[in-house]
Amino acid sequence: MYRIAHACDEKIIFYLDPAGNKFVASGGSLAWRLNNPGLVHRSGWFSRDQDSIGHFGHYAIFPNPEKGRAALAKWLHTKKYFKGS
């Protein structure tokens, strides 16, 4: 699992693991590069509560796809979205 992420630009995201090893996510969709399948926004309290490790613009970056899917599920069950149409 990665501990921090940095967006170089829209096409490249750098991830660092606890040992300092670097992983570069390039190509693919923005959702894939951010480990954020629902493009969950980086609202202060919510994304930090869901273990966000960075952000790109308005979107949160998650340490792995599982955390991103869990954040999406929780986001869809917030009052704003769960009671919507």
*Unmet requirement for A73, which otherwise passes all of (1) in a helix (DSSP H, G or I); (2) surrounded by 14 or more Cβ atoms within 10 Å (Cβ to Cβ); (3) modelled with pLDDT of 90 or more*: (2)
*Give me a count of the residues in region 30-49 that are part of a helix (DSSP H, G or I) and closer than 15 Å to P65 by Cα.*
5
*asked:* Filter region 48-65 down to the residues that are surrounded by fewer than 21 Cβ atoms within 10 Å (Cβ to Cβ) and farther than 16 Å from A25 by Cα and list them by number.
replied: R48, D49, Q50, D51, G57, H58
*Of the residues that make up region 6-29, is at least one in contact (Cβ under 8 Å) with a residue 24 or more places away in the chain, touching a helix residue (DSSP H, G or I) at 6+ places or on another chain (Cβ under 9 Å) and part of a strand (DSSP E or B)?*
yes
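If you go through region 62-70 one residue at a time, do you hit one that is in a loop (DSSP other than H, G, I, E, B) and of a type in the set (F, W, Y)?
Yes, some residue in region 62-70 is in a loop (DSSP other than H, G, I, E, B) and of a type in the set (F, W, Y).
The values are calculated or read from the model by the stated rules, or taken from the named source; none is laboratory data. All of these numbers come straight from a predicted model, not from anything done at the bench. Heads up, the Cβs are rebuilt from the backbone with ideal geometry, glycines too, and the neighbour counts pull from every protein chain shown.
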